[in-house]
Amino acid sequence: MTETKRSSRRVLYVIASLRGGAAEHVLYLMDYFGRQGNTLLLVAPDDCEASADKVERLGVRWIKAPLDRRWSFSGLNLISGILETESIDLLHTHGLRGGLYGRRALARARKAGCRAKSLYTVHGFHPAYYRTALARGLACALERRLFLRTTDHVIFVSEADRAAFFECLKLDREELATHSTLVPNGIHLSGGDNPPSRKEARGALGIAPDAFAVGTLSRLNRQKAVHRLIEVAALLKDDIPRLQVLIAGDGPLQARLERLARRRGVASQVRFLGYYAQAPALYRALDCFVLCSLWEGLPLVLLEAAAAGLPQVATSVAGTTEVLEHERTGLLAAGESVQDLAGQIRRVYSEPALAQNIAREAQTTIPEKFSLEKMLEKTARVYETVSKV
C-alpha cells in the first residue's frame, strides 16, 4: 500500500466493543495511522481476545473501560480525563455508544480547555430502526444535539446511513454535506495469508465432504435476525438432505436461538460455533454465506466472503444492497420473507452454474471496489480536513 506521510497528531479512538466489523475497521485505522508516526490511544472494553491480541501487537496505548455497559459513568469520566490531560488533537469515535461516550466527554473536556477536534464514524445508524417512536425520538434528539454541538465531522460507511441520519435528525442538507464524508468500508485485496484448503477447513469444522454447508458470521442480536436462518433450515431440510447450517458468533440471543432450533426440529442440522476468530477458514468451508440482517451499515462480512469466492445470499436491506447486486454478485431476498430467503439458498444448491457465476463476479469486482487502501486514503484526507477547521 502506498502511504503519504502527513502531519503527526495525537488521536484518541473510542469504541464500545472490540467485536465485529466496526472494531475491525478501527484496527485497520490504528495500524495505518500508527505507521505514519501518529501517537494513538484507544479507549475500549476488553471484550474480545482476538482483537486484544491485535491491539497489543500494534503497540497502541489501550485504556480499558466498560463501555459495553448500557451506561458507564467511570468510562465517561475516563475519556474526559484523557481529553483534558493528554493534549489530544483528534477524537475519533465509532458507533452509537462509542459516539455517545466520546462526544459527551468532549463537551465536558472543552470546558476545561480541551481543543481536540471531533470525528464520528457511523457504523449503521441504529436509532432509525428502534421499535418504538419514543425510543427513536429520544435517541435522534440526542444525536442531533451531539452533531450540532460536539461533532466537527461525520464519516458514513454507506449512503443508507447518511440518508437515515439526515431524515431522523431533521438536518439541513447543506450543513450535513459540509460536515460529512462517505467512506465505505474496505478489506485487504490479498484476502489474508495462507488460508486453509477447503478440505482442511471442512475437516476442522467436522463438515462431511458431501454436505451442503450454509453459514453466517455475526453478532447474535436483534439486528442480525439469525432466527431467520434457523427457520430456513426447517424449510430446506427435506429439499437438501445433507444440509448443515453453521452459525458463528455469540450474543444475547444465543440461548433463544438454540431453543428455536430444537423446537423447529433442526438441532442436528444447525451448529452454534460461538465467537469465531478464524473467518477465512469459515468461508473456505462453506458452500453459501448468508446474511439475514434487518439493516446494516456496510457489512465487512460480505466483502470478506466475496473475496473468498463464496456465493452469497442476503436480505435486501439498507447497507447490504450497496455491496451485492441481485443475480450478478449475490442473491437478494425480500427483507421480511423467510420463504424467499430459503428460495434463494435453494437456488445456490440447485443451480451450481449460477452460484459459480455470482461468486466469480463478486470476487472480481467487490474487493477492488471496497479496497482497504481506498478506505484508508479517504479517511486520511478527512483527518487533514478536520484538523484545519
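Table for the structure above
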quantity	calculated
All positions within the stretch 339-389 that are touching a Cys at 6+ places or on another chain (Cβ under 9 Å) and surrounded by fewer than 20 Cβ atoms within 10 Å (Cβ to Cβ)	Tyr349
Failed item in (1) surrounded by fewer than 21 Cβ atoms within 10 Å (Cβ to Cβ); (2) at pLDDT below 95; (3) in the same structural domain as Ser72 (by TED's automatic domain parsing), with Gly20 passing the rest	(1)
Boolean, Leu169 is under 21 Å from the mean Cα position of the chain (by Cα) and either farther than 25 Å from Tyr129 by Cα or assigned by TED's automatic domain parsing to the domain that holds Arg149 (or both)	no
Failed criterion for Ser87 (all others in (1) under 21 Å from Glu384 (Cβ atoms); (2) surrounded by 23 or more Cβ atoms within 10 Å (Cβ to Cβ); (3) over 23 Å from the mean Cα position of the chain (by Cα) hold)	(2)
Cβ-Cβ under 9 Å pairs, at least 6 apart or on other chains, the stretch 351-378 side at pLDDT 95 or above, far side basic (Lys, Arg) and surrounded by fewer than 20 Cβ atoms within 10 Å (Cβ to Cβ)	Leu354/Arg347; Ala355/Arg347; Asn357/Arg328; Ile358/Arg328; Glu361/Arg328; Ala362/Arg328; Thr365/Arg328
Number of the exception - Val55 against (1) farther than 22 Å from Asp152 by Cα; (2) in contact with a helix residue (DSSP H, G or I) (Cβ under 6 Å, 6 or more places away or on another chain); (3) surrounded by 19 or more Cβ atoms within 10 Å (Cβ to Cβ); (4) aliphatic (A, V, I, L, M)	(2)
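The values are calculated or read from the model by the stated rules, or taken from the named source; none is laboratory data. None of the values given here were measured: they were computed from a predicted structure. Backbone-built Cβ (ideal geometry, glycine too); neighbour counts: all protein chains shown.
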